[in-house]
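Participant: Starting off with a structure, shown below.
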Amino acid sequence: MKNNVMKWLTIPFLVLLLALTACSSNTTTEQEEPDTGDTSTEEPEEQSSETDETEDSSSSEEDPLAPLEETAKVVIAEDGSASGAGFYIAKEKGYFEDYNIEIEFATFGNSDEMLPAVAAGEVDVAGGISSASFFNAIAQGIDVRFIADKGHNVEGSSYFTFVLRKDLQDEITSYEDLKGKKVAVSTKNAVDDYIYQLMLEHAGLTRDDVEFVLLSDFGNMMSALGNNQIDAALQIEPLIAQGISNDIHVRFGDATDFAPNAQIAMVLGSPKFLGEKREVAKRFMAAYLKGVRDYNDAFVKETGNKDEIIDIMTMHTATKDPEVWKSIGVTGLNPNGEMFTDDIKNQYEFYKENGAITEELDFDKVLDTSLVEEVVEIIGEYE
């Protein structure tokens with residue numbers, strides 16, 4: 001508090017000092033003008049113009065993302081999920097440090113605890129997964145912003161997709177064949193349920209045609225498949241790869257067949273971070289996107305140092321076996337930070353139609369893409 005008070009007292013003093021200096025400079029010029037002669041009147045104006053042009057040129061050449069003069073701490077709510085790859089890589093490769101940013105990871109038990117901390121500015125950045133309760137909390141006054149992509153499926157190798165009991169792979173060959181079958185989904189009125197609904201619509205089925213089985217634990221899904229208690233499941237990596245290697249299930253199509261633009265997770269930012277700490281936020285986002293680009297180089301383009309990136313992922317996530325990382329469908333992370341904003345709105349409408357949304361959400365306020373747009377303009381688009 002004392003520092004803030006001193007800051008606001010110092011600013012008027014500096015303004016006054018500058019004004020007095022300017023007045024002193026003008027007085028000196030006026031006193032010296034008679035000694036310079038009549039023909040010299042225009043010369044100072046030309047010199048002044050040249051000086052202004054030089055200053056403007058120098059200013060435009062300055063690095064808009066130069067390292068911060070003082071170290072800034074940024075608190076990220078992250079639980080070791082694979083979708084946090086951009087954070088982990090940027091930290092371990094020194095991208096945050098390059099901007100004089102210190103990273104602190106904070107863990108919360110659930111979003112009910114995390115969201116108020118983000119809204120209050122106690123946490124600067126977090127990850128959010130779509131659900132009716134998530135949208136309701138924000139609509140009811142928890143002030144956070146969706147600022148960047150933190151998880152989507154990659155075409156042909158989705159990390160969040162359906163699997164089928166291996167003994168049924170000859171019997172069930174299309175989504176339509178799921179009619180009358182038991183399909184496990186981890187949540188109701190959340191992104192899992194939304195993807196399940198899109199699959200049904202793609203197959204021309206209704207909810208009455210398929211038996212919806214609610215299994216909140218993905219590990220239990222694998223056991224239920226192995227015990228023939230269910231026929232299929234909406235499963236997640238690395239359990240998809242593990243189930244395949246253990247001959248429990250097989251991949252069943254790919255979620256991008258019917259939900260190519262599903263936004264599974266988003267980077268959240270606190271209003272304080274995006275406003276009062278804007279210069280820190282810009283540098284943070286630049287470092288984050290550099291980490292995501294390294295991730296894409298390694299896993300998508302396969303032109304980067306995949307072993308290095310896998311080492312970082314094993315360091316920060318629960319998947320510790322490097323060989324598993326070579327076989328799983330990795331989380332899609334947009335190297336330009338772009339979200340599927342229309343899909344986020346579609347998810348909200350889905351929950352609303354189900355009667356699970358009780359409040360209206362102002363997406364013009366909640367969806368804030370300005371930070372990634374500003375940063376990408378500086379660092380350039382990834383191709």
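The values are calculated or read from the model by the stated rules, or taken from the named source; none is laboratory data. Here the structure is a predicted model, which is why all the values come from computation and not from measurement. Note: ideal-geometry Cβ built from the backbone for every residue, glycine included; neighbour counts use all protein chains shown. Calculation scope for accessible area: heavy atoms of the full protein, side chains included, ligands and nucleic acids excluded. Shrake-Rupley method; radii C 1.70, N 1.55, O 1.52, S 1.80 Å.
Participant: With label points built 7 Å along Cα→Cβ from the Cα atoms of GLU349 and GLN229, find their separation and express it in nm.
Facilitator: Going by the 7 Å Cα→Cβ label model, 3.7 nm.
Participant: How large is the accessible surface of VAL191 in square angstrom, using a 1.4 angstrom probe and rounding to the nearest 10?
Facilitator: 0 Å²
Participant: Per residue, how much accessible area does the stretch 267-350 show when a 1.4 Å probe rolls over the protein heavy atoms, in square angstrom?
Facilitator: Value returned for the stretch 267-350: 40 Å² of accessible area per residue.
Participant: Along Cα→Cβ, 7 Å out, is where each label goes; now give me the distance between the ones at ASP170 and ASP112 in nm to one decimal.
Facilitator: In this crude label model, ASP170 to ASP112 measures out at 4.9 nm.
Participant: Determine the share of the stretch 141-233's accessible area contributed by carbon and sulfur atoms, expressed in whole percent, with a 1.4 angstrom probe.
Facilitator: The nonpolar share, carbon plus sulfur, comes to 41 percent.
Participant: Suppose the chain between GLU122 and LYS73 were pulled fully straight at 0.36 nm per residue; how much longer would it get relative to their current alpha carbon spacing?
Facilitator: Contour length minus Cα-Cα distance gives 16.5 nm.
Participant: Could you check what % of the DSSP bridge pairs in the stretch 131-283 are antiparallel, to the nearest 5?
Facilitator: Antiparallel bridges: around 70 percent, rounded to the nearest 5.
Participant: Near LYS352, which lysines are there with a Cα under 23 Å away, not counting those fewer than 8 places off in the same chain?
Facilitator: Qualifying lysines at Cα under 23 Å: LYS188, LYS365.
Participant: Give me the 1.4 Å probe accessible area per residue for the stretch 137-190, excluding ligands and nucleic acids, in Å².
Facilitator: Dividing the accessible area of the stretch 137-190 by its residue count gives 39 Å².
Participant: Can you give the FRET efficiency to the nearest 0.05 for GLU102 and SER245, using r as the Cβ-Cβ distance and R₀ = 41 Å?
Facilitator: Efficiency computed from Cβ-Cβ geometry: 0.55.
Participant: Please report how far the C-alpha centroid of the stretch 308-379 lies from that of the stretch 76-118, rounded to the nearest whole angstrom.
Facilitator: Taking the Cα centre of the stretch 76-118 as reference, the centre of the stretch 308-379 is 14 Å away.
Participant: Still on this model: Between THR369 and LEU65, how high is the FRET efficiency from 1/(1 + (r/R0)^6) when r is the Cβ-Cβ distance and R₀ = 22 Å? Nearest 0.05.
Facilitator: Approximately 0.75, to the nearest 0.05.
Participant: With contacts defined as alpha carbon pairs under 8 Å and 6 or more residues apart, what's the relative contact order of the stretch 156-280 in percent?
Facilitator: 39 percent
Participant: Suppose the chain between GLU308 and ASP321 were pulled fully straight at 0.36 nm per residue; how much longer would it get relative to their current alpha carbon spacing?
Facilitator: 3.3 nm
Participant: Say each of GLN140 and LEU214 gets a label point 7 Å from the Cα, pointing the same way as Cα to Cβ; how far apart are those two points in nm?
Facilitator: Between GLN140 and LEU214, the simple spin-label model gives 1.8 nm.
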